[in-house]
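> Input: one structure, supplied below.
The values are calculated or read from the model by the stated rules, or taken from the named source; none is laboratory data. These numbers were taken from a predicted model, which means no experiment stands behind them. Using ideal geometry, Cβ is built from the backbone for each residue, glycine included, and neighbour counts are taken over all protein chains shown.
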Amino acid sequence: MEKNEFLHDLKTPETTWKGSGRHYFANGEVSSEAGVITEAVGPHGLYWCLDTIMHKVPDDLIATWQMPHYHVRGYETFFVDSGRLYLYINGQRTVAKKGDIVHLQAGQPHGMTFLEEVKWRGTYHDFETFSEAADVGRVKKYMPELKDDPELAALMPRGEMDTVMLEPFLFKDVPAEECSAVRNVSRPLAAYEFPGLSMRIIVERWENGGTKEMACAVMEPGFTAEWVKYPPLRELFYLRSGKIKFTVMGREFTADDECVIDIPRFAPHSMEVLERSELFDLGGQSCWSMFLSSYDSVRTRTPARLEKGALEALKKKFNIPVGKIGMK
Ligand SMILES: [Fe+2]
């Protein structure tokens, strides 16, 4: 079958991952395997999506393996799509589990201990990347006897990804609901209801340095959306669960659980929801949160303005390239 360049099914990493990297526990076992789904673009490194399998930390390392670190400029938002982990953040330790979303900000110390095998999918931005890591990695690959040489490690002090390691954390245990870094579609920061559609705000723009945000559309079967004729934004979606028929530039395809949909700028497109779906906006360039709160304000306080083009004006102001929505 011809490869569909708009659809990346994370259920089949062997065909979806473009390039991959591995990390190791102190005992030499593989700790994680990461694959590139989409590359970072532009000065803020937007539209970057990686899929990582984090392996269970060996029992004898669970008490000490925290991976404590922070990123100087980079932001990360992860989907926990299987298993459980300890998240260490803000002086707390909490358990994040399948269905949660973990949001980590620039300069915010964090660490993780993976208690089971975790599908750890992420979108990242504003990372400085350092090419020294690949060059140091090559020396280690050819000369494994040097892999623990501190002189070699000192050549890549911030790793590949803007990372500074820290001392292990002291912490108090709290439930995930009390940890601000752990998000869930069932407890959004805000929600806006329409027939067949609930728009949930998961990460606000101000939590990402003003660069992007993350909304989730929870949609019922029969819900349809059509974008404007030539949408001025590239869209990158994560369909975490459900089933949706997309039409992109006249080509029809169906996406289901754990699929990334990458729709280029200017490409005419539409979608029809076939089963209840949770679709996340990974690109984050539309200002959904401000658009929806503004629309709610107009609808409530000055509804007559909607007859005079207020909705179209808000869509333009907040980069919302959706033409019309409805139920089939
Ligand atoms: Fe991190």
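> Taking the criterion of being among the aromatic types (F, W, Y), touching a residue at least 24 places away in the same chain (Cβ under 8 Å) and either within 22 Å of L236 (Cβ to Cβ) or not in a strand (DSSP E or B) (or both), would at least one residue in segment 61-74 satisfy it? Spell out the reasoning first.
Applying the first criterion (among the aromatic types (F, W, Y)) to segment 61-74 yields 65, 70.
Filter once more, so that each one left must be touching a residue at least 24 places away in the same chain (Cβ under 8 Å): 65, 70.
Those left that are additionally either within 22 Å of L236 (Cβ to Cβ) or not in a strand (DSSP E or B) (or both): 65.
Yes, segment 61-74 contains at least one residue that is among the aromatic types (F, W, Y), touching a residue at least 24 places away in the same chain (Cβ under 8 Å) and either within 22 Å of L236 (Cβ to Cβ) or not in a strand (DSSP E or B) (or both).
> Could you list, in sequence order, the residues of segment 79-91 that are surrounded by 19 or more Cβ atoms within 10 Å (Cβ to Cβ) and part of a strand (DSSP E or B)?
F79, V80, L85, Y86, L87, Y88, I89
> Specify which of the listed residues (V102, V72) is modelled with pLDDT under 95 and within 13 Å of the ligand (Cβ to nearest atom).
Details: V102 fails: modelled with pLDDT under 95.
Testing whether each residue is modelled with pLDDT under 95 and within 13 Å of the ligand (Cβ to nearest atom) leaves just V72.
> Please go through segment 180-218 and pick out each residue that is at positive phi and within 16 Å of the ligand (Cβ to nearest atom). Step through it out loud before you land on a result.
Quick first cut of segment 180-218, residues at positive phi only: 196, 209-210.
Answer for segment 180-218, where residues must be at positive phi and within 16 Å of the ligand (Cβ to nearest atom): just G209.
> Looking at segment 232-244, can you tell me whether even one residue there is surrounded by 20 or more Cβ atoms within 10 Å (Cβ to Cβ) and not in a strand (DSSP E or B)? Outline the logic, then answer.
Of all residues in segment 232-244, those surrounded by 20 or more Cβ atoms within 10 Å (Cβ to Cβ) come to 235-240, 242, 244.
In the following step, the residues that additionally are not in a strand (DSSP E or B) were identified as none.
Looking through segment 232-244, none of the residues is surrounded by 20 or more Cβ atoms within 10 Å (Cβ to Cβ) and not in a strand (DSSP E or B).
> Answer with yes or no whether V30 is more than 16 Å from the ligand (Cβ to nearest atom) and closer than 24 Å to D9 by Cβ. So that I can check it myself, show each step before the final result.
Working: more than 16 Å from the ligand (Cβ to nearest atom): yes; closer than 24 Å to D9 by Cβ: yes.
In short, yes.
> Filter segment 168-179 for residues that are away from the ligand (no atom under 16 Å from the Cβ), exposed (fewer than 14 other Cβ atoms within 10 Å of the Cβ) and not aliphatic (A, V, I, L, M) and give the result.
Let us first name the residues in segment 168-179 that are away from the ligand (no atom under 16 Å from the Cβ), namely 170-178.
Cutting the leftovers down to exposed (fewer than 14 other Cβ atoms within 10 Å of the Cβ) gives us 170, 172-173, 175, 177-178.
K172, D173, P175, E177, E178, listed by residue number.
> Quick one: which of E178, E252, E275, E207 is more than 19 Å from F6 (Cα to Cα) and free of Cβ contacts under 8 Å to residues at least 60 places away in the same chain? Quick ask: steps written out before the conclusion?
Values: E178 fails: free of Cβ contacts under 8 Å to residues at least 60 places away in the same chain; E252 fails: more than 19 Å from F6 (Cα to Cα); E207 fails: free of Cβ contacts under 8 Å to residues at least 60 places away in the same chain.
Residue meeting the stated conditions: E275.
> Tell me which residues, restricted to segment 196-211, are over 24 Å from M327 (Cα atoms) and in contact with a helix residue (DSSP H, G or I) (Cβ under 7 Å, 6 or more places away or on another chain).
First, the residues of segment 196-211 that are over 24 Å from M327 (Cα atoms): 202-211.
Answer for segment 196-211, where residues must be over 24 Å from M327 (Cα atoms) and in contact with a helix residue (DSSP H, G or I) (Cβ under 7 Å, 6 or more places away or on another chain): E204, R205.
> Could you tell me whether segment 206-216 includes any residue that is under 18 Å from I89 (Cα atoms), assigned to a loop (DSSP other than H, G, I, E, B) and touching a strand residue (DSSP E or B) at 6+ places or on another chain (Cβ under 8 Å)?
Initially, segment 206-216 is screened for residues under 18 Å from I89 (Cα atoms), giving 207-208.
Of the ones still in play, those that are also assigned to a loop (DSSP other than H, G, I, E, B) are none.
Checked segment 206-216: no residue is under 18 Å from I89 (Cα atoms), assigned to a loop (DSSP other than H, G, I, E, B) and touching a strand residue (DSSP E or B) at 6+ places or on another chain (Cβ under 8 Å).
> Among the candidates S20, S32, which residue alone is touching a helix residue (DSSP H, G or I) at 6+ places or on another chain (Cβ under 9 Å) and at pLDDT below 95?
S20
> Restricting attention to segment 126-164, report how many residues are more than 16 Å from the ligand (Cβ to nearest atom), of a type outside the set (V, I, T) and assigned to a helix (DSSP H, G or I).
15
> Considering only segment 75-88, state which residues are within 15 Å of the ligand (Cβ to nearest atom) and either touching a helix residue (DSSP H, G or I) at 6+ places or on another chain (Cβ under 7 Å) or of a type in the set (G, A, S) (or both). Full working, then the answer.
From segment 75-88, those within 15 Å of the ligand (Cβ to nearest atom) are 75-80, 85-88; that's our starting set.
Correct list: Y75 only.
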